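Here the structure is laid out as structure tokens; the discussion comes afterwards.
The values are calculated or read from the model by the stated rules, or taken from the named source; none is laboratory data. Remember, predicted model here, so these are calculated numbers, not experimental data. Glycine also receives a Cβ, built like all others from the backbone with ideal geometry; neighbour counts cover every protein chain displayed.
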Amino acid sequence: MMSNKTNVINQKNSSEIFISNKKLQENSSIKKIQLHANINIAFALNDVESTFQHSKSISFRLHPITSTLSKDTNNQTFKSEIYFNPKLQEKISQLEPKLHVDLSYCHLTDADMSIVVNEIINNRKCTDLWLHGNKITSHGASILASSLINNSKLKSLDLSFNQICDNGVYSLSQALLSNQNSSLQILYLSKNNISNKGLKYLSEMLKTNHTLKELWLSNNEIGDEGIKELAYVLAYHNKTLKVLSISMNIFITDSSINYLIEMFEHNRTLKRIWINNCNLTEQGKMKLRQKTDQRKNFKIEI
């Protein structure tokens, strides 16, 4: 008798546990459906927002280039991270209302370039911008390049001692083509891992560019093939570049001597050139000196 009663109680408890588990599963499914719906709605709202046209400044604030939607696989949570650099903003707020802005050695990265473009180039309309010695790569260079198009204010841009490489040079070269209406006159690109490929981009740009007067390319990875391209353009196409630095490019050898001599014979615009600390022999240096000594108002550093 006691055994039958115990069996009935056990069956009742099992039924209650089954019903409880079933409800728990249903509630869990409902929560999953709700979470899935919320996520879909969030993405849908983003899609709706993106259909509206905003100015570059407003678009940056709504959709910063580093905005990310990340998923935590353990907790199934989503968080949005909006990039903000308080040190850079403080630095900008302390800048005097002047045309020259120096942000050298400020540990700036590609993520900071949209802030620099909006706050410094567009809003302050600076004429000289120094970004020497930061951590800018080709992506950051492409952001800066977009600000050069139809820009009549910025005259000097210093990107020396960064990591823009050949891809970054390509973006800048495209922005400096004559049909892009840039007024940039001085471009510093020293120590940026630029090779012959990057110099070819710059040479193509110099065929039509009529504003650039100084080009600084020291301490890169430029060699004889790149010099061949550049020397030809400066000999027969470009008549506006006045200062050129290709020093400390160890891949430039005596094979470039004849290209440079041909450039000197046909170009009368260049006033100063640096070719020191390359891989030239004393004999090669002497040939260059003999050719350039005949020119007035011209200085060469070998």
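Here Lys228 clears all of (1) under 21 Å from Leu172 (Cβ atoms); (2) in contact with a Phe, Trp or Tyr (Cβ under 6 Å, 6 or more places away or on another chain) except the condition numbered (1).
Scanning segment 199-228 for residues that are more than 13 Å from Ile275 (Cβ to Cβ) and of a type in the set (D, E, K, R) yields Lys200, Glu204, Lys207, Lys213, Glu214, Glu221, Glu225, Lys228. Scanning segment 244-265 for residues that are of a type outside the set (Val, Ile, Thr), more than 30 Å from the chain's Cα centre (by Cα) and either surrounded by 13 or more Cβ atoms within 10 Å (Cβ to Cβ) or on the phi > 0 side of the Ramachandran plot (or both) turns up Asp254, Ser255, Ser256, Asn258, Tyr259, Leu260, Glu262, Met263, Phe264. Every condition in (1) under 21 Å from Asn238 (Cβ atoms); (2) of a type outside the set (Gly, Ala, Ser); (3) crowded, with 18+ Cβ neighbours inside 10 Å holds for Gln174 except the one numbered (3).
For every residue, the table says whether it meets (1) of a type outside the set (A, V, I, L, M); (2) within 30 Å of Lys98 (Cβ to Cβ).
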position: Phe161; (1), (2): yes, yes
position: Asp166; (1), (2): yes, no
position: Ser173; (1), (2): yes, yes
position: Leu199; (1), (2): no, no
position: His210; (1), (2): yes, yes
position: Glu214; (1), (2): yes, yes
position: Gly223; (1), (2): yes, no
position: Tyr236; (1), (2): yes, no
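Within segment 181-207, how many residues turn out to be among the hydroxyl-bearing types (Ser, Thr, Tyr) and under 21 Å from Glu262 (Cβ atoms)? The total comes to 1.
The strands (runs of 3 or more DSSP E) found entirely in segment 241-302 that carry 1 or more residues being over 19 Å from Leu212 (Cβ atoms) are 299-301. Of all residues in segment 185-207, one or more are within 27 Å of Tyr105 (Cβ to Cβ), surrounded by fewer than 20 Cβ atoms within 10 Å (Cβ to Cβ), among the hydrophobic types (A, V, I, L, M, F, W, C) and assigned by TED's automatic domain parsing to the domain that holds Ser146.
With respect to Ser160, is the statement that it is assigned by TED's automatic domain parsing to the domain that holds Leu217, in contact with a Phe, Trp or Tyr (Cβ under 7 Å, 6 or more places away or on another chain) and more than 21 Å from Ser247 (Cα to Cα) true?
Criteria not met by Ser160.
Does Ile227 fit the bill of being free of Cβ contacts under 8 Å to residues at least 60 places away in the same chain, farther than 21 Å from Asp166 by Cβ and either assigned to a helix (DSSP H, G or I) or hydrophobic (A, V, I, L, M, F, W, C) (or both)? For Ile227, the condition - free of Cβ contacts under 8 Å to residues at least 60 places away in the same chain, farther than 21 Å from Asp166 by Cβ and either assigned to a helix (DSSP H, G or I) or hydrophobic (A, V, I, L, M, F, W, C) (or both) - is not met.
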